[in-house]
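The values are calculated or read from the model by the stated rules, or taken from the named source; none is laboratory data. For clarity, every value in this text was computed on a predicted model and none was experimentally measured. Methodologically, a virtual Cβ is constructed for each residue, glycine included, from the backbone with ideal geometry; neighbour enumeration extends over all protein chains shown. Remember, those area values only see protein heavy atoms, side chains included, never the ligands or the DNA or RNA. Shrake-Rupley method; radii C 1.70, N 1.55, O 1.52, S 1.80 Å.
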Amino acid sequence: MSWPDYLNEHQAAHLEDFRAFLAIPSISAQPAHSQDVQRAAQWLAARFKQAGFLQAEVLPTAGHPVVLAEYCPYPDRPTVLFYGHYDVQPADNPERWNSPPFEPTVVDGRIVARGASDMKGQVMAFLLAAEALIATGNLNLNVKALIEGEEEISSPSLPAFIEKNRERLRCDMIINGDSGQLSETTPLLSLGARGICGLEFDLIGPSHDLHSGSWGGQVQNPLHAMAELIASLHNPDGSVAVKGFYDDVEPLSPELREWYKQIPWNEAEMRQKLGVPEFYGEAGYTPWERITGRPTLEVNGMWGGYMGPGGMTVIPSTAHAKITCRLVPHQDPEKIVALVRAHLEAHLPKGVRLEVRVKESGAPAFRMRADHPVAQVAREVLTELYGVPPVETMFGGSVPILSTLKQLLGHDPVSFGFGLEDELIHSPNEFFRLSSFEKGKQGYARLLMRLA
C-alpha cells in the first residue's frame, strides 16, 4: 500500500483521533486545567507510540510537561526534529462560541474547537504523515518530535529542558510546525518571526473603592489615570512614543520594501474579513511592513472597577493592564521592557502608584537564510501541493522558542505549517479546515521523504 492510499483509507479514523485530542482542554495559562494539560500530553505520547514511533515519553519540566517522541532506527542517516505545542489558549466568553469550545464540531468542511488551528491540527497532521510513512515502509530518515505544553504562555520552561536534553535532541535539521499558509490557494514560506516581550502593571489609588458622589473630583480615579497613561504610549501618527524604542531598529532597505510590494494584499477584502472600517498603524509603512517588518506595542487587556450589570457609582481603588511588544532584529527584549517601564514611570499621572510585573520569558526576533537547504525542499513541496510557488515573507507573530532552538541545537528551524490567518486562533469559534488537515498530512509526508 502506498502512503497516500494509507491516508485515504484511515481518513475517518484520523478525524476521530483529532477530535479526541481537541476535546482535552489543555489550557496552559489556567492552573485549574493543569491536569488537563497533563492528560493531553499522555494522550499524545500514546498516539505517537500507536503511530509506530519507537519511543514516546512525557517528560517533566519546571512547568507543564514535554512530549518527546523518537523514530531513530538509522545510525547513518540524517535526523529531523519537529517542534510543536499541544497547549491551547483559554476559551473565554463561551456565549460567543457557536458550539462548546472543547466539543469539536464539524461544520461546512471545518472542525470548530479551541486549538484546532493553533496548533493541534498541525501536530496531528505531522504525526499522521509520519505514521503513514512508517506503516508503508517509506520513512527513511530519523525523526524526533518535541511537543511542548507552554507555548501559549511563552515557553518559560522549554529553554532549560532543551539545555538539559541537548544530546538527546541532537539533529541535523529542525521543522517548526507552528506556522501557516497565506490562503487556501497561495502557499507561504516564512523566513522569520518577530520577537516578543511583555509586562503587566497596576495603578493603585485609594485603599478601597470610594463613593463617586462623595469623592469624585477630589481623588484621582485609577481608571482615568490608566486611560491617560495608555494613551501616552503612542504618537498621533501611530508610532510608539516610548523613548529609545526604535534605537536598534534598522530601516527597511529599498530592496526589502520592493520585496514586500510583491506580496499579495487585497486591502478592501482584508478590511471586510476583519470587520474594520480602515487600517491604522505607523505612518509611512504598508500593512505587510507594519505586521512583519516593524516593531509594535499593543495593549492586550485593560480593566478595573465595576463591570457587572447595571451601574455602581464608585471610584475603583485599582486599574490594571497587560502590554506586549513585537520586536524586530537587533531589539533586545530586556532592554525594551526596561524602556517601557521607564516610560510608565515618567508619565505616571498624579494621585496613583505604579506596580509593574515583567513577564518571565521574552524572545528576540528570528531570521533565517533564504537559501537554507531545508527551506529549498519546503519550497518544492509547497509548489507541488498548491501548483504555484510560495510567497516568501516574515511571520508577524512570535514563536519564542525558535531562537532558542537555533542557539542550543545549532540549526535554523524552517517553518512549515498549514493554518490560515482567518481561522480565528485565540478567538471564539476557532476552526481548522479539513482540507488543510488533509493537505498538511500530504505536505509533511512529502517533506519527510524529500529530506531523507
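Here are the numbers for this structure:
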item: Tally, over region 260-276, of residues that are in a helix (DSSP H, G or I) and either open to solvent by 80 Å² or more (accessible area, probe 1.4 Å) or without any contact (Cβ under 8 Å) to a residue 24 or more places away in the chain (or both); result: 9
item: Residue identified as in contact (Cβ under 8 Å) with a residue 40 or more places away in the chain, in contact with a Pro (Cβ under 9 Å, 6 or more places away or on another chain) and not charged (D, E, K, R) among Leu44, Leu7, Leu54, Leu22; result: Leu22
item: Filtered residues of region 216-263 (kept if more than 20 Å from Thr286 (Cβ to Cβ) and of a type in the set (Asp, Glu)); result: Glu228, Asp247, Asp248
item: Qualifying residues in region 341-388 (those that are in a helix (DSSP H, G or I) and of a type in the set (D, E, K, R)) - the one most open to solvent (accessible area, probe 1.4 Å); result: Glu345
item: The listed residue being in a strand (DSSP E or B) and either touching a residue at least 60 places away in the same chain (Cβ under 8 Å) or of a type in the set (A, V, I, L, M) (or both), out of Val242, Val249, Val299; result: Val299
item: Matching residues, region 95-106, being more than 16 Å from Glu16 (Cβ to Cβ), open to solvent by 40 Å² or more (accessible area, probe 1.4 Å) and either touching a Cys at 6+ places or on another chain (Cβ under 6 Å) or not polar (S, T, N, Q) (or both); result: Glu95, Arg96, Pro100
item: Residue count for region 401-452, restricted to those that are touching a Phe, Trp or Tyr at 6+ places or on another chain (Cβ under 6 Å), assigned to a loop (DSSP other than H, G, I, E, B) and either among the acidic types (Asp, Glu) or open to solvent by less than 10 Å² (accessible area, probe 1.4 Å) (or both); result: 1
item: Any hit, region 320-331, residues being surrounded by 13 or more Cβ atoms within 10 Å (Cβ to Cβ) and farther than 28 Å from Asp248 by Cβ; result: yes
item: Residue in region 304-323 that is part of a strand (DSSP E or B) and under 19 Å from the mean Cα position of the chain (by Cα) present; result: yes
item: Hits in region 58-74 - residues which are surrounded by 14 or more Cβ atoms within 10 Å (Cβ to Cβ) and aliphatic (A, V, I, L, M); result: Val58, Leu59, Val66, Val67, Leu68, Ala69
item: Residue within region 46-57 that is of a type in the set (Asp, Glu), open to solvent by less than 60 Å² (accessible area, probe 1.4 Å), within 28 Å of Gly410 (Cα to Cα) and not in a helix (DSSP H, G or I) present; result: no
item: Whichever residue in region 107-123 is of a type in the set (A, V, I, L, M, F, W, C) and surrounded by 24 or more Cβ atoms within 10 Å (Cβ to Cβ) and, among such residues, is nearest to Asp178 (Cα to Cα); result: Met119
item: Filtered residues of region 223-251 (kept if open to solvent by less than 30 Å² (accessible area, probe 1.4 Å), closer than 25 Å to Thr393 by Cβ and either touching a Gly at 6+ places or on another chain (Cβ under 9 Å) or among the hydroxyl-bearing types (Ser, Thr, Tyr) (or both)); result: Gly238, Ser239
item: Verdict on Ala132 being among the small types (Gly, Ala, Ser), more than 19 Å from Ser179 (Cβ to Cβ) and open to solvent by less than 20 Å² (accessible area, probe 1.4 Å); result: yes
item: Subset of region 179-214 (residues that are at pLDDT 95 or above, open to solvent by 10 Å² or more (accessible area, probe 1.4 Å) and among the hydrophobic types (A, V, I, L, M, F, W, C)); result: Ile204
